[in-house]
Every structure is written in C-alpha cells, then in structure tokens.
Amino acid sequence: MKNLLQCLILFLLLFSSCKTETKTGSIEKWKQEIRETEQDFANMAKEKGIHDAFLHYAAKDAVLKRRELIIGKEAIDKHLEKSISKNLSWSPDFVDVSSSGDLGYTYGKYVYKYNDSIGNALEDKGIFHTVWKRQTDGSWKFVWD
C-alpha cells in the first residue's frame, strides 16, 4: 500500500509538471513589454538619432535587411555610423509573442524624411517588421529589422 501511495504521488507530481498551458495574462504582459520597447526605440531614434537607437536596441547577433543583409552589431554600427538623422518615425500596428515569452514580433508603418543631394525634401513610407528576442537580463532586443 505504501508503494502504491508513493507511485500515485510521483505520478501526480510528474503529471502536474507537464502542464504547458500559458496564461493569457502573461502573453498580454509580454506583448505590452514589446510594444513599450518598440515605442522607446522609436522615441530614442527621434531624440538621439537613428545610429544610437539602433545600436542600443540591437542584439549582438542582430540582422538588418536593407539592400543587403547587415549581420551583427558591429556591422550595423559601421553601416549606420554616418546616419545622424532624427527624421525616422514608426509605430507598431501589430504585436505578437511566443507562448514561451522569449520571441516576439511587430509590424507597422514607418516614415523617413530626408533631403536629396540637391536639397529637395523627400519622404519614404513603408512597412517595417521587427523580430524581438528576450535577453538574459529580461530586456528585449531586436534580432531582425
């Protein structure tokens, strides 16, 4: 009888530890963290410039997709080193996160205003897509933009 009771307790412990259901509250909390990080990122780009903001929010192994792939934070630094523009704005229209809370993504519209080589004011509008990864310290950094 004692063995049966021990087996039952062990079974219940194992069974309860296999629960994979994620609470909706956690997912909503993580989505809000990503939305706030995206907004802080956009605000920093306006206040301190594109270069500083992208370096601050990039993970070490981040990738930018521009006309080519720019792979890694050092390459991003070099690619953006001449960019002092503060005329980039964006806001996510959609945010989602994995059920484990370690990866998420956003997409939405951006507007980039600049002057061409003869001083004409131009505007580039488009859609952005960013993949976010939770770091070991709990912060979110982008791994794809």
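Excluding same-chain neighbours fewer than eight residues apart, the aspartates and glutamates reachable from residue 82 by a Cα-Cα span under 17 Å are 47, 52, 74, 116.
Computed about its Cα centre, the charge dipole of segment 25-144 is approximately 160 debye, with only Lys, Arg, Asp and Glu carrying charge at their Cβ.
An ellipsoid equivalent to segment 25-144, defined through the eigenvalues of its Cα gyration tensor, has semi-axes of 26, 16, 12 Å when rounded to whole angstrom and sorted largest first.
Past 25 Å, Cα to Cα: identify those pairs from 46/78; 113/133; 46/133; 31/113, in the order given. In this structure, 113/133; 31/113 exceed 25 Å between Cα atoms. Peptides 76-82, 92-98, 37-43, 66-72 ranked from most to least packed, by the mean per-residue count of other Cβ atoms within 10 Å: 37-43, 92-98, 76-82, 66-72.
A short reminder: the numbers here are calculations on the coordinates, not readings from a lab. Remember, it's a predicted structure, so these values are computed and weren't measured experimentally. Cβ coordinates were reconstructed from backbone atoms using ideal geometry, including for glycine residues, and neighbour counts include every protein chain displayed.
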